[in-house]
Amino acid sequence: MNSEAQYIDLYQQARNIIFSHSPEALNSLRDKAFEDFRRLGFPSRKVEEYRYTDMEALFEPDYGINLNRIDIPVNPYDVFRCDVPNLSTSLYFVVNDAFYDKALPKASLPEGVTVCSLSRIAEEQPEILKRYYGQLADTGADAVTALNTMLSQDGLFVHVGRNIKVERTIQVINILKTPQWLPGKEHGDDEEWNKALMANRRVLIVMEEGAEAHFLFCDHAADDRHFLTTQVTEAFVGERATLELNCLEETHSKNARVSNVYIRQEADSNVSHNVITLHNGITRNPLILTLEGKGAQCSCNGCVIADKAQHVDNNTLIDHRATHCTSSELYKYVLDENATGAFAGKVLVRPEAQKTVSEERNQNLLITREARMYTQPVLEIYADDVKCSHGSTVGQLNDEALFYMRQRGISLKEARLLLEFAFVNEVIDKIHLEPLRNRLHYLVEKRFRGELNKCKGCMLCK
């Protein structure tokens with residue numbers, strides 16, 4: 001299998017088209033990314049980090065890509081009303097890989113806060129992009145990051161100035177929408193062409209010294225079509241800055257998603273990264289978080305509920321590079337039917353990272369014998385004055401607890417649901433935003449009851 005060949009050919013043939021529809025600040029990294037991608041190729045399952053997700057097969061289909069930036073007729077504000085009850089948000093949309101700027105939130109953000117299209121800021125303030133864009137996402141180390149860098153043409157840019165605290169949560173809805181036709185094909189002459197679409201999205205977040213902001217990213221699919229999304233997020237968190245990044249995926253079984261997140265923390269900064277997967281097809285979420293400054297703290301949490309043939313692979317690296325830093329990590333999976341889960345979490349403590357405190361846990365419930373879970377928590381420690389622990393469990397529901405509940409008149413189905421719900425609650429409770437936390441408790445219960453997939457569109461507004 002040589003899945004990367006079609007993307008190499010595509011870039012060589014469409015390079016001028018891509019460059020003509022993108023600002024120089026984005027184009028400046030494309031050729032290097034292309035050479036890195038051609039050298040690396042998609043990793044095989046012999047590579048340890050990709051052992052449980054077949055990347056070559058994932059990228060093998062001939063997806064359509066909107067390189068000519070054809071406008072997709074959709075008004076997401078009319079279709080998706082995603083305000084979480086009692087949570088005041090500034091609501092923005094990204095359609096496939098393009099920032100939607102035809103209508104913006106009425107409530108203005110504080111002065112010194114910018115939320116806009118990545119391509120727009122690249123044209124208006126290229127010096128910012130030159131300073132930050134591509135500085136964390138190493139195209140020479142990861143093929144998907146290289147592919148995204150060589151093909152992405154837009155995305156989201158967020159800048160929070162020094163000592164500014166954003167009171168309203170910044171909510172971003174990523175919508176996957178298929179256009180009626182794509183360049184290179186006559187409308188209707190190839191049904192599959194209209195069914196499969198690839199979007200390459202970029203997110204750049206810059207938090208200056210002392211800044212504070214909370215984000216809610218929601219991934220949804222507006223069409224029942226095949227989609228493949230690559231997303232690369234780079235987040236720079238300055239000294240004493242606070243960043244909460246909540247990511248919710250609620251798509252469908254025809255969706256494939258690879259979301260690479262790179263975060264760098266300076267001294268005394270605080271990051272909370274929470275990823276919730278409620279519905280999907282194939283998902284891979286790599287997270288590389290670097291604690292660069294003394295006293296930095298991070299909390300990384302994940303909740304996965306999967307059934308049917310869904311596949312979720314979370315792969316994390318927390319890199320301790322400074323003294324007196326703290327990290328905690330908790331990922332929980334509930335897998336039913338033929339679902340597959342994978343978790344590989346590595347905590348790296350470098351020699352200079354004395355006084356490190358780190359805890360890593362992965363706990364998993366398998367509801368059926370056919371469900372599969374692969375787990376690999378790792379500690380790699382080169383410092384001698386640290387407190388680090390890690391652990392992983394894979395099991396089934398407690399028979400004694402089920403028996404106890406049934407003795408008190410609770411049906412077997414309801415008892416199972418209550419135990420599953422209680423199991424994942426620990427992750428949901430890690431989220432700082434109380435209204436979002438309450439809403440997710442509600443959505444998780446609906447998901448376990450099989451009610452969530454009966455809805456259409458954004459689940460947060462139901």
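Extents of region 1-154, taken as max minus min of Cα coordinates on every principal axis and listed largest first, are 49, 35, 30 Å. The phi-based Karplus calculation (6.51 cos²θ - 1.76 cosθ + 1.60; θ = phi - 60°) puts the 3J(HN,Hα) values of region 312-324 at 9, 10, 9, 10, 10, 9, 10, 9, 8, 10, 9, 6, 6 Hz, whole numbers, x for Gly and Pro.
Extension gain for Arg449-Ala5 works out to 155.5 nm (0.36 nm per residue, less the C-alpha to C-alpha distance).
How many angstrom separate the Cα center of region 284-358 from the Cα center of region 217-276? One Cα centre to the other: 13 Å.
So what is Rg over Rh here for region 322-462, counting just Cα atoms and using Kirkwood for Rh?
Computed over Cα atoms, the ratio is 1.06.
Full extension of the chain between Ser392 and Ala14 yields a length gain of 131.4 nm, computed as 0.36 nm times the residue separation minus the alpha carbon distance. Counting only Cβ charges, +1 for Lys and Arg and -1 for Asp and Glu, the dipole size of region 8-67 around its Cα centre is about 120 debye. Working from label points 7 Å from Cα in the Cα-to-Cβ sense, the Lys355 to Gln376 distance is 3.4 nm. Using amide H atoms built in the peptide plane, which far-off residues or other-chain residues are under 5 Å from His390 H to H? Residues meeting the criterion, in which the H sits 1.01 Å from N, are Glu360.
If you roll a 1.4 angstrom probe over the protein chains with everything in place, what fraction of the accessible area of region 315-386 belongs to carbon and sulfur, to the nearest %? Please report the intermediate quantities before stating the final value.
Working: 1290 of 2880 Å².
Reported share for carbon and sulfur atoms: 45 percent.
Along the axis of the charge dipole computed for the chain (Cβ charges of +1 for Lys and Arg, -1 for Asp and Glu, origin at the Cα centre), the listed residues Gly155, Ile72, Leu109 are led at the positive end by Leu109.
For region 223-352, what is the accessible area per residue in Å² when the probe is 1.4 Å? Counting only protein heavy atoms, the per-residue value for region 223-352 is 25 Å².
Determine the calculated [θ] at 222 nm for the chain from helices alone, applying -39500 (n - 2.57) to every DSSP H run no shorter than 4 residues and normalising by the residue count; nearest 500 deg cm²/dmol. Spell out each step's value before the answer.
Numbers: 11 runs with 103 residues, N = 462.
Computed mean residue ellipticity for the chain: -6500 deg cm²/dmol.
Our coupling estimate for region 275-284, obtained by passing each phi through the Karplus curve with A = 6.51, B = -1.76, C = 1.60 and θ = phi - 60°, is 10, 10, 10, 9, 9, 6, x, 10, 9, 10 Hz, Gly and Pro reported as x. When +1 charges are put on Lys and Arg Cβ atoms and -1 charges on Asp and Glu Cβ atoms, the dipole computed for region 1-140 relative to its Cα centre reaches about 140 debye. Only protein heavy atoms count here; under a 1.4 Å probe, His21 has an accessible surface of about 80 Å². Using +1 at the C-beta of Lys and Arg and -1 at the C-beta of Asp and Glu, which of Cys303, Met198, Val47 has the Cα lying farthest in the positive direction of the dipole of the chain? Towards the positive end, the residue furthest out is Cys303. Quick one: Cα centre-to-centre distance for region 371-390 and region 85-140, in angstrom? Centre-to-centre distance over Cα atoms comes out at 35 Å.
Need one value: the accessible area of Asp138 in square angstrom, 1.4 angstrom probe, rounded to the nearest 10. The accessible area of Asp138 comes to roughly 80 Å². Here the chain is treated with +1 on each Lys and Arg Cβ and -1 on each Asp and Glu Cβ, and its dipole about the Cα centre works out to around 840 debye.
May I ask which residue of Pro377, Phe19, Phe448 lies farthest towards the positive end of the charge dipole of the chain, with charges of +1 (Lys, Arg) and -1 (Asp, Glu) on Cβ and the Cα centre as origin? Checked the options; the winner is Phe448.
The values are calculated or read from the model by the stated rules, or taken from the named source; none is laboratory data. Keep in mind it's a predicted model, so treat the numbers as computed, not measured. With ideal geometry, Cβ positions are generated from the backbone for all residues, glycine too; neighbour counts draw on all protein chains shown. We work out accessible area using only protein heavy atoms, side chains counted, and drop any ligands, DNA or RNA first. Shrake-Rupley method; radii C 1.70, N 1.55, O 1.52, S 1.80 Å.
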